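Next up is a structure, given as structure tokens.
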Amino acid sequence: MLATQQQTDTKRYAKCIEVSKRIRWEIDRDVIRGRKFDFSRKFLPDGLSLVDQFEFLSDTERRYLSQVQGRSYANMFGLAERFIGAKLLELSRDHWLGDQTALEALVRFTDEELKHQELFRELERMMGEGMPAGYKYLAQPNDVASIVLGKSTWAVLALTCNIELFTQAHYRQSVQPDDNLSDLFKDVLLFHWKEESQHAIIDELEWQREDGKLSAAERDRAVTDLIDLVAAVDGILQAQTPVDVEYFAATCGRKLKPAEMDRLRAGVLKAYRWQFIGSGAQEPRFTELLGSMTLPQHGERIGAALAPIVGTA
Ligand SMILES: [Fe+2]
Ligand SMILES: [Fe+2]
């Protein structure tokens, strides 16, 4: 790497450390603060849950569906943070005897992801106390991590960067402006967003560093890996959707018609795909970075793989 590029990168890692120290929060002291979830409010905003597509549900039922989705949303993050933390810890090896500023930035990043996993586990427990029995989150963090970590580092960093960018976009665009959400759920996403802002910058630096090591053939394979990872995320969403719809149907207080169940299965899958794939795929910073590290034919392959998932086919 050129000396000047190295200096620029070191400054960016240093900035991440500075902000990370300044906004550092603790789960109980700053986020939960002795509160419980307010189930008279929605958890996820309509822009993410897409519950307003279900005209056959009452307002109370839509609110409840946003809470079921919010529970799975929190679990999805806890799941992703397992492989993200492990990958960053692995990447830190490259800096062990090199740029100590970069090393510190990656160590802080990993520490924060461990804390986030603890936060999301605690939320799952608290939501379980306030919601009817029978909820299940299917995917196991370690099973998913072992599949993800078997893919090329370039692809894992692309997926990670995407996740950390859309986390911020969700907060800024739909969570923050909505005054009808549970205060605690909203605060969780606020505090999470604050630390994710630094993570996305570190992902970018590490992704570009990794990109500099690849041959043309390796980059081609890395793009295939990224497409496989998106398909794996979609597989998780496709498996979780009917489980969440069944749970909602069994606990919403009335018997839903078969046609309504079909609408719910299709509509909730659409919402989950929007939350975890579609919204990130159109993040301007992500498309800019991906475009700078790939050739047009790679973009076409990725676009073709995304089309049936995000509904542009
Ligand atoms: Fe996180
Ligand atoms: Fe993160």
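Which semi-axis lengths, in whole Å and largest first, follow from the square roots of five times the eigenvalues of the Cα gyration tensor of the range 31-115? Mind showing how you got there, number by number?
On the way: eigenvalues 308, 41, 16 Å².
Over the Cα atoms of the range 31-115, the semi-axes work out to 39, 14, 9 Å.
How many angstrom lie between the C-alpha centres of the range 78-126 and the range 2-30?
Computed from Cα coordinates, the inter-centre distance equals 14 Å.
Helix-derived [θ] at 222 nm for the chain: sum -39500 (n - 2.57) over DSSP H runs of at least 4, divide by residue count, nearest 500? Intermediate results must be reported in sequence, preceding the final value.
Working: 11 runs with 222 residues, N = 313.
It comes out at -24500 deg cm²/dmol, rounded to the nearest 500.
Once amide H atoms are built 1.01 Å from N in the peptide plane, which residues 5 or more positions from Lys42, or in another chain, come under 5 Å H to H?
Hits under the 5 Å cutoff: Ser182.
Sticking with this structure for a sec: Give me the orientation-averaged projected area of the Cα convex hull of the chain, in nm², one decimal.
On the way: hull surface 64.8 nm².
Projected area, direction-averaged: 16.2 nm².
At 7 Å along the Cα-to-beta-carbon direction for both Asp143 and Asp52, put a label point, then send me their distance in nm to one decimal.
Inter-label distance under the simple model: 3.7 nm.
Also: Just to confirm a number: summing +1 for Lys and Arg and -1 for Asp and Glu over residues other than Ile23 whose beta-carbon lies under 13 angstrom from that of Ile23, what do you get?
Working: positive: Lys15, Lys21, Arg22, Arg24, Arg108, Lys115, Lys194; negative: Glu18, Glu26, Asp30, Glu112, Glu195, Glu196.
Local net charge: +1.
Based on the inverse mean of 1/r over its pairs of different Cα atoms, what is the Kirkwood hydrodynamic radius of the range 80-121, in Å?
Values: mean 1/r = 0.0964 Å⁻¹.
Final number for the Kirkwood radius of the range 80-121 is 10.4 Å.
For the range 72-163, what log10 I(q)/I(0) values come out of the Debye formula at q = 0.19 1/Å, with one point per alpha carbon and no solvent?
Here log10 of I(q) over I(0) equals -0.91.
Taking the Cα atoms only, what angle lies between the long axis of helix 216-251 and the longest principal axis of the chain, rounded to 10 degrees?
Result, in degrees: 20.
Something else: Suppose each label sits 7 Å from its Cα in the direction of the beta carbon; what would the Lys257-Leu190 distance come out to in nanometres?
Calculated label separation equals 4.3 nm.
Taken together, the values in this text are just the output of simple stated rules run on the coordinates, not laboratory data. Computed from a predicted model, the values in this text were never measured in an experiment. Neighbour counts run over all protein chains shown; Cβ positions are idealised from the backbone, glycine included.
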